[in-house]
Amino acid sequence: MEQKETTQSKGLKEYFETSAALKECLKAAHQLCEMRHDEEGEAFLTEFEARFHQYGAKTMLSEKQYRLLMRLSQACVEDWFGDDSPKYEQLLEAATEMASDDVTKEFVGKQQERYNKYGMKAGLTEKQKNWLEKIASGEAETREPETEW
């Protein structure tokens, strides 16, 4: 007999540490759905937000819905560079050459590893893209290790 996977919904507080994290996730998802012309994604977000306005923090979300929301909110190289992989490869090459400290070298190295593994589907947030561009142009500030939080 085949066992059916049970998916139990959880409250938003079990998925998101703060309401600000949820809002940031929704904002990114909307922006990316618009960029991607993803009507199904927009429909999911609209339905979710309607439930959120009705139930607030008590809104339930299944694991599958959470994964969809995360997928909708996470940008990839393709979102920023389209099919132009040489442009991103040039950015990575320039950033590799210009990285001047351990932190920037490590960051650029990780971006290169992800690109080698996933290609244009490698995750790349707008903040990461902007930092890569700053490193490549020589405008990145040297960062001191964070010792207090």
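The values are calculated or read from the model by the stated rules, or taken from the named source; none is laboratory data. For clarity, every value in this text was computed on a predicted model and none was experimentally measured. For neighbour counting, all protein chains shown are included, and Cβ atoms are generated from backbone atoms with ideal geometry for every residue, glycine included.
Of note:
- Search result, residues across the stretch 7-26 that are assigned to a loop (DSSP other than H, G, I, E, B), closer than 24 Å to residue 42 by Cβ and not aromatic (Phe, Trp, Tyr): 7, 9
- Residues in the stretch 69-102 that are more than 25 Å from residue 31 (Cβ to Cβ) and buried (at least 16 other Cβ atoms within 10 Å of the Cβ): 94, 96, 98, 99.
- One residue alone among 112, 128 is surrounded by 15 or more Cβ atoms within 10 Å (Cβ to Cβ), farther than 30 Å from residue 9 by Cβ, polar (S, T, N, Q) and within 13 Å of the chain's Cα centre (by Cα), and that residue is 128.
- First in the stretch 76-91 and assigned to a strand (DSSP E or B), second anywhere and of a type in the set (Lys, Arg) and modelled with pLDDT under 95, Cβ under 9 Å, 6 or more apart: 76/121
- Under the condition of being of a type in the set (Asp, Glu) and closer than 18 Å to residue 62 by Cα, the residues counted in the stretch 12-36 number 2.
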